Amino acid sequence: MNFLVDAQLPRRMTAWLTAAGCNALHTLDLSAGNRTSDEQINDLADREQRVVVTKDTDFVDSHLLRGCPAKLLLISTGNINNRDLEALMVPLIPNIVSEFQTHSFLEFGPMGIVVRG
């Protein structure tokens, strides 16, 4: 599975996803870096069949209203340090990948994964 991690999330999240057998990019890997617009992120994600991973609810609105990006993982853990985020997320990456086989919108928070659409 392919992922595109948005600017407000740690770049090392791509390493967690890659270690789990996924392909992952961070916006810092793109030519415009963290200045890449939401529209450009959506276009790239859909063109390369990537799941957008974000904390930004603007992507939720876009997904629900226009279906863009086609697949979305909303991180709603609040402000936690990267080590705690890693501890929560890494064990659930296989479940996240599995859920995206049949769903297009997941939310990941302190209580785990919630299917939104």
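The values are calculated or read from the model by the stated rules, or taken from the named source; none is laboratory data. As the structure is a prediction and not an experimental result, all values here were calculated from the model. Here Cβ is always computed from backbone atoms with ideal geometry, including for glycine, and neighbour counts include all displayed protein chains.
Here is the figure for segment 19-40: residues that are more than 21 Å from ASN81 (Cβ to Cβ) and either within 13 Å of the chain's Cα centre (by Cα) or not β-branched (Val, Ile, Thr) (or both) total 14. I need the full set of residues from segment 19-59 which are surrounded by 14 or more Cβ atoms within 10 Å (Cβ to Cβ), without any contact (Cβ under 8 Å) to a residue 24 or more places away in the chain and of a type in the set (Val, Ile, Thr), in order please. If the condition is that a residue be surrounded by 14 or more Cβ atoms within 10 Å (Cβ to Cβ), without any contact (Cβ under 8 Å) to a residue 24 or more places away in the chain and of a type in the set (Val, Ile, Thr), then THR27 is the only one that fits. Looking only at residues in segment 41-55 that are of a type in the set (A, V, I, L, M, F, W, C) and in a helix (DSSP H, G or I), the one that is farthest from the chain's Cα centre (by Cα) is LEU44. Return the residue satisfying two criteria in turn: it lies in segment 62-114 and is touching a residue at least 60 places away in the same chain (Cβ under 8 Å) and touching a Pro at 6+ places or on another chain (Cβ under 9 Å), and of such residues it is surrounded by the fewest Cβ atoms within 10 Å (Cβ to Cβ). Among residues in segment 62-114 that are touching a residue at least 60 places away in the same chain (Cβ under 8 Å) and touching a Pro at 6+ places or on another chain (Cβ under 9 Å), the one surrounded by the fewest Cβ atoms within 10 Å (Cβ to Cβ) is ASN82. For segment 19-30, the criterion of a residue being closer than 25 Å to GLY112 by Cβ, touching a strand residue (DSSP E or B) at 6+ places or on another chain (Cβ under 6 Å) and in a helix (DSSP H, G or I) is satisfied by no position.
For segment 71-82, the criterion of being in contact with a helix residue (DSSP H, G or I) (Cβ under 8 Å, 6 or more places away or on another chain) and over 15 Å from PHE108 (Cα atoms) is satisfied by no residue at all. Within the bounds of segment 3-18, is there any residue that is over 18 Å from SER98 (Cα atoms), at pLDDT 95 or above, in a helix (DSSP H, G or I) and small (Gly, Ala, Ser)? Yes: one or more hits. Of all the residues in segment 63-77, those that are of a type outside the set (A, V, I, L, M), assigned to a loop (DSSP other than H, G, I, E, B) and touching a strand residue (DSSP E or B) at 6+ places or on another chain (Cβ under 9 Å) number 4.
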